[in-house]
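Let me begin by presenting the structure, written as structure tokens, before commenting on it.
The values are calculated or read from the model by the stated rules, or taken from the named source; none is laboratory data. Source: prediction; values computed, not measured. Please note: Cβ atoms are built from the backbone with ideal geometry, for glycine as well, and neighbour counts cover all protein chains shown. The protein model used for the area step is the full one, side chains on, heavy atoms only, and it has no ligands, DNA or RNA in it. Shrake-Rupley method; radii C 1.70, N 1.55, O 1.52, S 1.80 Å.
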Amino acid sequence: MSAVGDLSIDIDRLLRRIDELAEIGRVDGPDGEWGSARLALTADDQRGRDLVVTWMRDLGLSVTIDGIGNVVGTRPGSDPAAPAVMSGSHIDTVRGGGRFDGILGVLAALEVAETLEQHGIDTERPYSVVFFTNEEGARFAPDMMGSLVFAGGLSLEEALDARAVDNEARLGDELIGIGYDGGLPCPTAVAPHSFVELHIEQGPILEGEGVPIGVVEGVQGISWTQLVIDGRAAHAGTTPMRVRSDPAFVASAIGVFVRELTTTADSQMVGTVGRVEMVPNLINVVPSQVTMTVDLRDPDDTKLVEAERLLAAYCVEVAAAEGVEITSTSLARFEPVEFDRELIDLLEETATSLGLASRRIASGAGHDAQMLARICPSAMIFTPSVGGVSHNIAEFTADADIAAGANLLLQVLLRNLNPIYR
Ligand code: HGY
Ligand code: MN
Ligand code: MN
């Protein structure tokens with residue numbers, strides 16, 4: 001085994017950084033569980049960004065920020081003209097998010113850089129550590145926005161004009177407000193050599209099978225729709241049921257329809273009504289308007305297209321019956337993505353060489369790697385999530401699994417970086 005083959009990351013340093021970053025926007029639960037809330041482009045997101053940029057700069061990485069606020073810290077290689085090997089993820093969270101979703105990928109990638117530096121390992125190719133803007137899409141749709149713009153899948157202008165669901169703020173103004181409106185043009189002028197992202201599974205499979213490593217084959221299709229349902233405000237006590245145009249009833253009916261659509265016998269589809277906002281949202285008023293979202297996902301895009309068609313047809317039917325108007329807007333639509341076969345094989349071989357059991361797995365969640373796959377060979381490593389829980393402050397991954405995933409990331413990246421032996 002060559003010298004670099006014996007290298008391993010400093011797990012205590014990595015765990016310390018994970019907890020230090022998680023303290024920004026900390027959210028505590030009733031039973032000792034804790035996580036973070038750092039929605040994209042908020043003051044807490046800015047504080048999290050500043051902390052990671054400080055760590056990058058302390059490590060001597062050259063830090064660049066592009067027009068959508070993606071931050072890249074690069075360690076030079078002997079061949080400056082060679083495209084960089086890249087690794088990273090996101091540090092924005094959902095409201096009440098966990099300490100590991102995205103953060104593990106960014107800080108493990110940083111830990112790889114520090115391990116190389118600490119052991120004086122020079123490489124032929126440059127190595128870039130990245131965190132992308134607004135992966136969660138929680139405030140501004142679509143999700144994976146920063147990596148999508150980086151890869152040329154969404155124009156910078158369109159992204160900067162996105163409006164926040166919480167306060168209608170314009171994304172570009174929020175980016176200026178937190179000081180991350182970088183000068184580097186998007187999309188990226190130079191595609192990375194390759195991109196590998198370490199991420200928690202956020203589901204129950206790896207833990208259920210007792211396997212420490214998931215080698216991700218791809219990401220399922222994603223369809224996000226916003227429905228604005230306009231009815232007629234009315235008195236809850238005096239208005240007979242037969243004359244109501246009640247958008248809350250229609251929203252409930254659509255929620256039941258989504259559940260029925262995704263629980264047919266052979267369906268792998270998942271459907272979520274995650275946001276429902278009523279106006280005026282008062283106990284004794286039949287709402288005038290309800291805004292709701294529908295998140296549909298399926299590994300088979302044909303089925304996803306059919307589900308979208310059925311949902312649209314149902315909306316027409318239920319709107320006519322209740323006498324409301326429904327305005328439908330697509331907030332995100334991504335087809336299923338397959339990751340690079342050679343990188344997948346390399347991940348598996350490297351896991352075996354480290355004595356780590358692994359299994360191939362599909363991703364239910366969206367990830368930045370699926371956008372990087374548009375411009376360079378990309379792949380992902382999953383580590384187990386306790387109880388399969390994520391997007392929840394109780395999200396947890398064991399230290400040993402974090403170490404296993406980060407060490408596999410180190411060794412896989414080294415194979416692509418071409419270490420230089422003096
Ligand atoms: O929605 C997702 O799958 C990811 O968390 N952005
Ligand atoms: Mn994530
Ligand atoms: Mn997430």
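Test ILE222 against the criterion of being open to solvent by less than 30 Å² (accessible area, probe 1.4 Å), among the aliphatic types (A, V, I, L, M) and under 20 Å from the mean Cα position of the chain (by Cα), and give yes or no. Break it down into steps so the answer makes sense when it comes.
Details: open to solvent by less than 30 Å² (accessible area, probe 1.4 Å): yes; among the aliphatic types (A, V, I, L, M): yes; under 20 Å from the mean Cα position of the chain (by Cα): yes.
So ILE222 passes the test.
Test each condition in (1) open to solvent by 50 Å² or more (accessible area, probe 1.4 Å); (2) within 16 Å of ligand 3 (Cβ to nearest atom); (3) of a type outside the set (S, T, N, Q) for LEU354 and report the one that comes out false.
(2)
For region 49-165, list the strands (runs of 3 or more DSSP E) that sit wholly inside it and hold at least 3 residues that are of a type outside the set (A, V, I, L, M, F, W, C); which are they? Reasoning before the result, please.
Working: elements: 62-65, 71-75, 85-90, 127-132.
Where strands (runs of 3 or more DSSP E) fall fully within region 49-165 and carry at least 3 residues being of a type outside the set (A, V, I, L, M, F, W, C), they are 71-75, 85-90.
In the set THR123, THR115, which member is over 24 Å from the mean Cα position of the chain (by Cα), surrounded by 19 or more Cβ atoms within 10 Å (Cβ to Cβ) and closer than 23 Å to LEU15 by Cβ?
Values: THR123 fails: closer than 23 Å to LEU15 by Cβ.
The match here is THR115.
Looking only at region 30-48, filter to residues that are part of a loop (DSSP other than H, G, I, E, B) and more than 20 Å from ASN70 (Cα to Cα); which one of those is least open to solvent (accessible area, probe 1.4 Å)?
Ranking the qualifying residues of region 30-48, first place goes to GLU33.
Considering only region 344-351, I want to know if a residue exists there that is open to solvent by 10 Å² or more (accessible area, probe 1.4 Å), within 23 Å of ASP300 (Cα to Cα), free of Cβ contacts under 8 Å to residues at least 12 places away in the same chain and out of contact with any Leu (no Cβ under 9 Å at 6 or more places or on another chain). Before the answer, list the steps.
Residues of region 344-351 that are open to solvent by 10 Å² or more (accessible area, probe 1.4 Å), as a first pass: 345-346, 348-349.
Still in the list and also within 23 Å of ASP300 (Cα to Cα): none.
Within region 344-351 (the criterion being open to solvent by 10 Å² or more (accessible area, probe 1.4 Å), within 23 Å of ASP300 (Cα to Cα), free of Cβ contacts under 8 Å to residues at least 12 places away in the same chain and out of contact with any Leu (no Cβ under 9 Å at 6 or more places or on another chain)), the answer is no, since none of the residues qualifies.
I need a count of the residues in region 80-99 that are more than 16 Å from ligand 3 (Cβ to nearest atom) and at pLDDT 95 or above. Reasoning before the result, please.
Residues of region 80-99 that are more than 16 Å from ligand 3 (Cβ to nearest atom), as a first pass: 80-87.
With at pLDDT 95 or above added as a condition, the list becomes 82-87.
Final tally of qualifying residues: 6.
Given the residues GLU395, GLU335, GLU308, which is the only one that is in contact with a strand residue (DSSP E or B) (Cβ under 8 Å, 6 or more places away or on another chain) and within 16 Å of ligand 3 (Cβ to nearest atom)? First the steps, then the outcome.
Working: GLU335 fails: within 16 Å of ligand 3 (Cβ to nearest atom); GLU308 fails: within 16 Å of ligand 3 (Cβ to nearest atom).
Exactly one of GLU395, GLU335, GLU308 is in contact with a strand residue (DSSP E or B) (Cβ under 8 Å, 6 or more places away or on another chain) and within 16 Å of ligand 3 (Cβ to nearest atom), namely GLU395.
Assess whether VAL27 counts as being hydrophobic (A, V, I, L, M, F, W, C), open to solvent by 40 Å² or more (accessible area, probe 1.4 Å) and assigned to a strand (DSSP E or B). Spell out the reasoning first.
Working: hydrophobic (A, V, I, L, M, F, W, C): yes; open to solvent by 40 Å² or more (accessible area, probe 1.4 Å): yes; assigned to a strand (DSSP E or B): yes.
Yes, satisfied.
Looking at the structure I just gave you, is GLY182 of a type outside the set (Lys, Arg), over 22 Å from the mean Cα position of the chain (by Cα) and either over 30 Å from ALA406 (Cβ atoms) or not in a strand (DSSP E or B) (or both)?
Working: of a type outside the set (Lys, Arg): yes; over 22 Å from the mean Cα position of the chain (by Cα): no; either over 30 Å from ALA406 (Cβ atoms) or not in a strand (DSSP E or B) (or both): yes.
It is false that GLY182 is of a type outside the set (Lys, Arg), over 22 Å from the mean Cα position of the chain (by Cα) and either over 30 Å from ALA406 (Cβ atoms) or not in a strand (DSSP E or B) (or both).
Can you report the number of residues in region 256-306 which are polar (S, T, N, Q), within 16 Å of ligand 1 (Cβ to nearest atom) and crowded, with 16+ Cβ neighbours inside 10 Å? Write out each step before concluding.
Kept after step one, since they are polar (S, T, N, Q), are these residues of region 256-306: 262-264, 267-268, 272, 281, 284, 288-289, 291, 293, 302.
Now restrict to residues that are within 16 Å of ligand 1 (Cβ to nearest atom): 262, 268, 272, 293.
Subset that is crowded, with 16+ Cβ neighbours inside 10 Å: 262, 293.
Residues flagged as polar (S, T, N, Q), within 16 Å of ligand 1 (Cβ to nearest atom) and crowded, with 16+ Cβ neighbours inside 10 Å within region 256-306 amount to 2.
Can you tell me which residue within region 364-422, out of those that are surrounded by fewer than 24 Cβ atoms within 10 Å (Cβ to Cβ) and among the aromatic types (Phe, Trp, Tyr), is modelled with the highest pLDDT?
PHE396
Only helices (runs of 4 or more DSSP H) wholly contained in region 283-400 count here; list those with 3 or more residues that are closer than 27 Å to VAL85 by Cβ. Spell out how you get there, then give the answer.
Values: elements: 301-322, 341-353, 368-372.
Because the criterion is at least 3 residues that are closer than 27 Å to VAL85 by Cβ, the helices (runs of 4 or more DSSP H) in region 283-400 that meet it are 341-353, 368-372.
Does at least one position in region 318-328 carry a residue that is within 29 Å of THR93 (Cα to Cα) and at pLDDT 95 or above? Can you show your working first?
Filtering region 318-328 down to residues within 29 Å of THR93 (Cα to Cα) leaves 327-328.
Adding the requirement that they be at pLDDT 95 or above leaves 327-328.
Yes, region 318-328 contains at least one residue that is within 29 Å of THR93 (Cα to Cα) and at pLDDT 95 or above.
Taking region 1-29 on its own, how many of its residues are in contact with a Gly (Cβ under 7 Å, 6 or more places away or on another chain) and modelled with pLDDT under 95?
The number of residues fulfilling the criteria is 0.
Go through the residues of region 148-163 one by one and say whether even a single one is buried (at least 22 other Cβ atoms within 10 Å of the Cβ) and either within 16 Å of ligand 3 (Cβ to nearest atom) or free of Cβ contacts under 8 Å to residues at least 12 places away in the same chain (or both).
yes
Among the residues of region 372-393, what is the count of those that are within 16 Å of ligand 1 (Cβ to nearest atom), aliphatic (A, V, I, L, M) and either more than 30 Å from ALA189 (Cα to Cα) or outside the structural domain of ASN407 (by TED's automatic domain parsing) (or both)?
Count: 2.
Return the total of residues in region 78-100 being open to solvent by 10 Å² or more (accessible area, probe 1.4 Å) and out of contact with any Phe, Trp or Tyr (no Cβ under 7 Å at 6 or more places or on another chain).
10
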